[in-house]
Amino acid sequence: MVEHNVTKQNDARAISAPPRRWNEEADVVVAGYGGGAISAIEAADAGADVVILEKNPADRHICNTNVSGGIFICPTDVAKAFRYIKACVGDTVDDTLCRVWAKQTSTNTEYLKRLAESVGEPSEMIKHEGTEFPDLPGADGISNWILKSGLGAKMFEILDKCVRDRKNIQVAYSSPGKRGQ
């Protein structure tokens, strides 16, 4: 294993600038420190050592979660959500995965509320306008939500605090994924 200059920022483990070639060990590697934070949190909570590879440097990190407006989907009806996602993706995604998506996304408000409360952040949600594609089958079973305390930047702040709270997650900034040669 290669040693790095690991800096602590608010108790998070971060590699400020990894060398050109490096050999980190982790049970789980996550690409992207935005929405990927959720994968890292779940893996860490299951006991894994996690490395998040983030292409941006720490001082200029802007993720899609931060700028997305913070709107997230949470179906009210799993069967309708399945029909909706199938109408969105067609045959490009397996039915089993679409069923998992429909079931899991239906817990998004509860999940985000639990994450927010775990780091002392407000967790109240506001139901946002209807779905993006209201004419698709199952659209009446889809709801969009937003945190009352703020938009995407607030959502990422919660995810960031959750990552920083877990000592078994390391964020490697300035680490874009590249195709192996």
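Only one of the listed residues (VAL78, VAL93, VAL51) is under 18 Å from the mean Cα position of the chain (by Cα) and either among the hydrophobic types (A, V, I, L, M, F, W, C) or farther than 24 Å from SER149 by Cβ (or both). That residue is VAL51. Note on segment 55-71: residues that are within 27 Å of MET125 (Cβ to Cβ) and of a type outside the set (A, V, I, L, M) amount to 8. Only one of the numbered conditions (1) under 30 Å from SER174 (Cα atoms); (2) in contact (Cβ under 8 Å) with a residue 40 or more places away in the chain is violated by GLY36, and that is (2).
If we scan segment 117-131, do we find a residue that is within 15 Å of the chain's Cα centre (by Cα) and of a type in the set (A, V, I, L, M)? No, every residue in segment 117-131 fails to be within 15 Å of the chain's Cα centre (by Cα) and of a type in the set (A, V, I, L, M). Considering every residue within segment 76-97, establish whether at least one is touching a strand residue (DSSP E or B) at 6+ places or on another chain (Cβ under 7 Å) and touching a residue at least 12 places away in the same chain (Cβ under 8 Å). No, every residue in segment 76-97 fails to be touching a strand residue (DSSP E or B) at 6+ places or on another chain (Cβ under 7 Å) and touching a residue at least 12 places away in the same chain (Cβ under 8 Å).
Criterion applied to THR107, THR76 was being surrounded by fewer than 19 Cβ atoms within 10 Å (Cβ to Cβ) and touching a Ser or Thr at 6+ places or on another chain (Cβ under 6 Å), and the one residue passing it is THR76. In this entry, ILE52 is excluded by the filter for residues that are exposed (fewer than 13 other Cβ atoms within 10 Å of the Cβ) and not in a helix (DSSP H, G or I). Out of the residues in segment 62-80 that are part of a loop (DSSP other than H, G, I, E, B) and closer than 11 Å to PHE156 by Cα, which is modelled with the highest pLDDT? Going through the qualifying residues, I end up with GLY70.
The values are calculated or read from the model by the stated rules, or taken from the named source; none is laboratory data. Not measured: the values here are computed from a predicted model. Every residue, glycine among them, receives a Cβ derived from its backbone with ideal geometry; neighbour counts consider all protein chains shown.
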